[in-house]
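Some notes on the structure that comes next.
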Amino acid sequence: MTLGWTIFACIGTFFLSYVVLAIGFVTAFGLQQYGKLLNYYVVSAWAWLPGSGILAIVLGIGNYRSGAGADGYWIFALPFATLAAYFAGLLLLDKKREHLLSPEVKGRVTRGGAPYQGACVVRALTHGETHYVDEALTDEQGRFQFAPKSVITRAWFKNHFRQEVYLKTDGEALALWYISADQALTHKSIDILLQQLQCELDNPELAYELVNFEQPEQHLTAISRSIFNQPELIKNTAPY
């Protein structure tokens, strides 16, 4: 194994590692599927890092058998160099970011059409394994409100998001709104609907397939007993 072939192998391995790094940067930043893409970037290390290490070992054995000079053994720097490139990219991709767990929520609770006053409404939000809970009491008109909720955190495999709004009554919880996904729930249709939750407790729970303006190919389904007056935001409804 000549020094020329060693340099060629180094350049080839660095090229492949930086292609993976560049793809991670170009596809991850600014997209809603950031957490999932970061996971793909991490998992990719199980393929190309061992691959570069195996290449280095094979070339190193070739050097040894051919009695190459000491300069040829620079090939053993390959796995360390690719590891350095990988972790540098990981630190840059996995920097702390702000995640909007829930936009502002405004709603009204009624039973039989009459305002449901003094009821405890709970908003439960989930990001990965972390849970956030807020409570509000309905006023004389049955209205309640929650401020937007954001967190600043790293994305390390914490890519599951859930929004849940329910009413606490005597020993039971009546679901008013529920949706979950493996990506941030920052969608135009959700933002609009959560501004006008008309929660009629006598209504049955229905599954609403929402219009996904940002990613039309992906389903966006919420469970609710609300009355929605925005048919342009809803594709289909079905009993839950």
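Rounded to 0.05, the FRET efficiency of the L201 and D134 pair, given R0 = 25 Å and the Cβ-Cβ distance, is 0.80. Length, then width, then depth: along the principal axes, the Cα atoms of region 178-240 run 33, 22, 19 Å. Taking 0.36 nm per residue of separation and subtracting the current Cα-Cα distance, fully stretching the chain between N236 and R162 would add 24.5 nm. Across region 97-136, how large is the tail of the calculated P(r) beyond 12 Å, expressed as a percent of all Cα pairs? Cα-Cα pairs of region 97-136 separated by over 12 Å account for 69 percent. For each pair in K106/K235; K106/K149; K149/K188, compute the distance between the two Cα atoms and list the pairs where it is over 24 Å. Distance filter (> 24 Å) returns an empty set. Once you divide the Cα radius of gyration of region 98-239 by 2.2 N^0.38 Å, the number left is 1.02.
Relative contact order for region 98-239: what percent, with Cα pairs under 8 Å and sequence separation of 6 or more?
Working: 345 pairs, mean separation 36.5, N = 142.
The normalised contact order for region 98-239 reaches 26 percent.
Under a 5 Å amide H cut-off, with hydrogens placed 1.01 Å from N, L220 pairs with L210 among residues at least 5 apart or on other chains.
Each reported figure results from applying straightforward, stated rules to the coordinates on display, with no laboratory input. In this text, all values refer to a predicted model and were calculated from it rather than measured experimentally. Cβ sites come from the backbone with ideal geometry, for glycine too, and all protein chains shown count toward neighbours.
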